[in-house]
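Here the structure comes first, spelled out in C-alpha cells, and everything after it is commentary.
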Amino acid sequence: MWIRSSSAKARETVVLVVLSVLFGVGCVESTRARASSSNGTQPDSSQVLVSHHEVMVSMVNHGADPLWAAASQLPTDDGQWRVLERHAYQLKIAGALLSVPGRSSKDVQRAADPNWKRWSLQLSDAGGQAVEAIRSRDQEAISRAGDLIVDICQGCHMQFRSSAGGSAAR
C-alpha cells in the first residue's frame with residue numbers, strides 16, 4: 001500500500017486549491033467576456049470576480065480554522081507548519097480582497113464604506129501577524145493572532161450584518 005507523506009499531501013492540497021481557483025476565475029472571466037461582448041461593455045477591472053461572501057467562505061473560514069486549531073495543538077512537522085503558514089497568508093490576502101468591490105452591488109457598497117475597509121485591512125494585518133507567529137513557531141503568538149482574527153470578524157459582522165439586511169456576506 002502506498003502512503004503519501006504529509007508533505008506530499010500538503011503539496012497536493014495546495015495544487016488542487018490553486019487549480020480550482022484558476023479554473024473558477026477562468027470560468028467567470030470567460031462568462032464575463034461573453035457577456036461584455038454581447039452588450040458592448042467591459043468588465044470593471046477594479047472589482048474582483050468573486051463576491052465578498054465567496055472570499056469569506058473559501059479563504060477566511062478555510063484559513064482561520066487551522067490557525068485556531070494550532071493555538072491548542074501545534075503542527076508536528078515542517079510540512080504541517082508550511083501548510084499552516086499558507087492558511088495565514090490566505091487570511092492576509094482575503095483581507096486585501098475584501099477591501100476591493102466584489103461582484104455584487106452590495107459588495108460595491110460595502111467596499112466604499114470606510115468602516116468596511118478598516119475591518120478588511122485589520123484582517124489583512126492580523127493575517128500578517130499570524131504568518132510571523134507561525135514562522136517563529138510561537139504558540140502564544142499564534143493564539144493571540146487567532147484571538148485578534150475572532151475579534152475582527154465579530155466586530156465586522158456585528159456592524160455589517162445588522163445594517164445589510166441580516167448578512168454582511170451576501
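The values are calculated or read from the model by the stated rules, or taken from the named source; none is laboratory data. Keep in mind that this is a model prediction, so the values were computed, not measured. Reconstructed Cβ throughout: ideal geometry from the backbone, glycine too, with neighbour counts over all protein chains shown.
Return yes or no: is ALA112 closer than 21 Å to GLN154 by Cβ and either of a type in the set (A, V, I, L, M, F, W, C) or more than 16 Å from the chain's Cα centre (by Cα) (or both)?
no
Looking only at segment 84-96, how many residues end up being over 12 Å from ILE149 (Cβ atoms) and surrounded by 21 or more Cβ atoms within 10 Å (Cβ to Cβ)?
Residues that pass the stated criteria total 1.
Of all helices (runs of 4 or more DSSP H) completely enclosed by segment 56-125, which ones contain at least 1 residues that are without any contact (Cβ under 8 Å) to a residue 12 or more places away in the chain?
Those helices (runs of 4 or more DSSP H) span 62-70, 105-112.
Restricting attention to segment 145-165, does a residue exist that is of a type in the set (Gly, Ala, Ser), surrounded by 15 or more Cβ atoms within 10 Å (Cβ to Cβ), modelled with pLDDT of 95 or more and in a helix (DSSP H, G or I)?
So far as segment 145-165 goes, yes, one or more of its residues are of a type in the set (Gly, Ala, Ser), surrounded by 15 or more Cβ atoms within 10 Å (Cβ to Cβ), modelled with pLDDT of 95 or more and in a helix (DSSP H, G or I).
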